[in-house]
Structure formats: C-alpha cells, structure tokens
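This report concerns only the one structure given below.
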C-alpha cells in the first residue's frame with residue numbers, strides 16, 4: 001500500500017517535470033524567435049520559404065535579400081533562387097498564429113500525460129507575418145510564393161520591394177494589427 | 001521491475017502518439033481512394049492549364065489562395081494523367097492541341113486555429129471547400145466537382161490546402177476523361193442527356209459503364 005503511494009508520487013513528480021520541461025522549452029523557443037529586430041534587407045532577413053518560389057524546396061529556412069533589381073532567397077545550404085523585382089505583380093501580407101517546436105514538440109505534447117501537452121500548447125504559439133508574392137516567369141506563367149518572416153518585418157519587406165519596383169494592387173496594410181515598433185513611432 | 005514497466009508504458013504512449021499523427025495524415029484523403037482507378041489506353045494525353053484560384057463569395061487570405069494554386073500544380077503533376085501542366089497565363093499552352101482548363105472556385109472557407117486544435121483537439125479545424133471545374137478551351141464543361149480539404153488535429157492551417165490539392169488531383173485521376181481525339185466536337189461524350197455536364201465523377205463512372 002505504502003509502496004504504491006510512493007510510486008504514484010514518483011509518477012506525479014515525473015509528469016510535473018515533463019510538463020515543466022515542455023513548457024520551459026516552448027517559452028524559450030518562442031522568446032528566441034521574438035527577439036529579432038527590424039528587417040535589414042542589405043544583410044538579408046531571416047525567412048522560411050513555405051512554398052512556390054521556383055527552384056527552392058518547400059519549408060526551407062534561409063535569408064531574403066534585394067540585390068541588383070532581384071529578390072534573392074538563399075537557403076542555409078547555400079542554394080540560391082531569385083526573381084526579378086519588376087516581374088512581381090502583387091504582394092500580400094497576412095498574419096498567422098502558429099505552434100512552435102515542430103513535430104518533436106507535437107509528439108512530446110501528445111505524449112505528456114494528464115493533458116499536460118494542452119497546457120503547454122496554450123503558451124507555445126507565436127505570430128508570424130506571411131508575405132505572398134505573385135509574379136510571372138519569362139513564359140508569362142503565374143507563380144505564387146509564400147515566405148514566413150518574423151512579426152513586424154513583413155511591412156518593411158513589402159515597402160522595400162515597392163520602392164525597388166514591384167507592383168502592388170493594394171498598398172493599404174490596415175488588415176494587419178500595428179506592430180510594437182509602429183505603435184512606438186506614432187506615440 | 002517497476003522501472004522497466006514505467007519505461008515500456010512511456011514507449012507505448014510515444015508509439016500511440018506517433019500512430020495518431022500518421023492516422024491524421026491518412027484519414028484526410030481516405031475517402032478519395034475508395035473508388036477504382038480509371039484506365040486510359042490512349043497514347044495521346046490531355047494537357048492541363050490551371051487558372052488562378054477564384055474566391056468571389058468568401059473572404060480568403062491571399063496566402064491560402066496562393067497555397068491552393070501551387071499545391072494543385074504539384075499534385076496534378078504527380079498524377080501523370082496529363083502530358084503537361086501549365087500555369088495560368090503560360091504562352092506555351094497556346095500551341096497545345098489537347099488542352100483542358102481547370103478552374104478552382106472557393107465556395108466555403110473556415111480559417112480555424114492551430115492553437116485551438118492543439119488545446120482542445122475537437123475545435124479549430126481549418127476547412128476549405130472548392131468547386132473544381134474542368135473545361136475545354138472553348139468553355140465546354142467536362143467535369144464539375146465539389147471537393148473538400150481540411151486539417152482536424154495536427155499541422156498548420158495551410159496544410160489544409162495541401163490536403164485539398166491532393167483530393168482534387170485524386171478526383172481527377174479517378175475520373176474518366178474523354179479521349180483527346182474526341183476533343184470538342186463530340187459533345188455527347190462529355191455531357192449527360194439533356195446537355196448537363198457529368199457531376200461527381202465517382203458516380204458518373206459507374207453510370208457510364210453500366
């Protein structure tokens with residue numbers, strides 16, 4: 001009887017450690033990715049290519065730069081894909097709320113007993129800017145590319161692209177809530 | 001002994017969770033894989049041009065529109081049903097003798113929430129329903145289907161577009177397209193009695209075979 005009580009206590013303790021570990025991990029990941037400063041297109045901004053950019057595999061991390069009238073994406077494996085800025089027909093910004101940690105974190109959350117994973121999920125999410133580029137290739141074929149960048153950097157990137165000669169149908173970004181930086185600037 | 005039991009229990013838990021993830025991926029397309037595949041013995045194949053995704057009735061995030069378009073191009077290319085899959089506006093499609101045009105119209109969209117899904121499991125599903133219309137170059141309707149794509153448990157919201165594209169490609173793959181030789185002139189092959197296009201290829205196949 002006493003033995004089983006000790007065992008139960010040990011299991012509870014382990015569960016608590018597991019949930020705490022997941023929680024701390026999620027917070028660390030979320031905080032690390034939130035520490036990014038504003039976009040700096042001269043040196044490149046960190047982005048994840050979600051899909052559609054010709055010649056680049058989906059879900060590739062890398063950096064976006066504007067160079068010689070081209071938007072250039074260089075992956076961490078040094079693969080480069082680029083598109084002429086004048087061929088960009090439209091740019092859209094949107095904001096997505098995503099869970100951090102990917103598949104390992106998902107498996108960990110599912111495996112956590114007593115619904116501990118759900119509690120972790122409440123805190124392990126982060127907002128990203130999705131920038132959607134619509135451009136045409138040399139044959140006139142329509143391409144759509146989506147890049148995921150840190151919250152607040154989307155507007156800067158869009159502005160830089162417009163200044164470099166990209167076309168847009170809608171200039172207004174009022175669908176996006178203002179970032180902390182823009183709030184400070186207006187105050 | 002107790003420690004061995006605990007660790008094996010934990011392993012079983014991990015295994016179950018991994019199986020759940022795999023099951024989620026499979027169940028989204030299982031409905032489309034139930035019918036028998038259509039066989040085409042023709043040496044000539046249709047080519048396909050995918051038009052820009054249209055969403056006149058629903059408010060759809062441009063990222064979803066873009067993802068549906070790009071995922072469709074990938075999935076339609078994988079089916080090997082078409083000689084070539086052209087993008088919208090591609091000039092090289094102009095010289096193609098046997099060309100079908102695929103028009104996708106979004107009819108219903110529920111954005112859902114990845115966090116809601118992760119916290120509650122039963123809420124926050126992302127759902128997209130589209131009308132997929134396959135037309136000949138001169139606007140004759142060959143196929144008209146309503147196809148859905150969704151994410152119920154794991155994955156980002158945009159994953160619904162991937163599931164949708166896979167379902168659209170599967171529906172087209174399972175259907176019997178008219179022979180390219182028939183082209184536009186043999187409308188009787190393309191249309192049901194009364195001039196209406198065949199709707200829902202899965203039931204249409206069995207009717208035509210009967």
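Each reported figure results from applying straightforward, stated rules to the coordinates on display, with no laboratory input. Quick caveat, the model's predicted, so the values are computed rather than measured. So basically every Cβ, Gly included, is an ideal-geometry build from the backbone, and we count neighbours across all protein chains shown.
Descriptive notes on the structure:
- Shielding by other protein chains, B:63-72, mean Cβ within 10 Å: 6
- Proxy reagent accessibility, fewest Cβ within 10 Å first, across B:81, A:89, B:70, B:57: B:57, A:89, B:81, B:70
- Two-site FRET efficiency, residue A:139 against residue B:105, from Cβ-Cβ distance with R₀ of 30 Å, rounded to 0.05: 0.75
- Peptide A:105-112 shows a mean partner chain C-beta count of 5 within 10 Å per residue C-beta.
- Take the Cα of residue B:116, step 7 Å toward its Cβ, do the same at residue B:94, and the gap between the two points is 4.7 nm.
- Virtual spin-label span in nm between residue B:141 and residue B:59, 7 Å along Cα→Cβ: 2.9
- Shape class of the range B:101-159 from the Cα gyration tensor (axes a ≥ b ≥ c, square roots of the eigenvalues): prolate, since a/c reaches 1.5 or more and a/b is larger than b/c.
- Listed peptides B:104-111, A:122-129 by packing density, highest first (mean Cβ within 10 Å): A:122-129, B:104-111
- Placing R0 at 30 angstrom, the Cβ-Cβ distance between residue A:162 and residue A:76 gives a FRET efficiency of 0.60 after rounding to 0.05.
- Peptide B:74-83 shows a mean partner chain C-beta count of 0 within 10 Å per residue C-beta.
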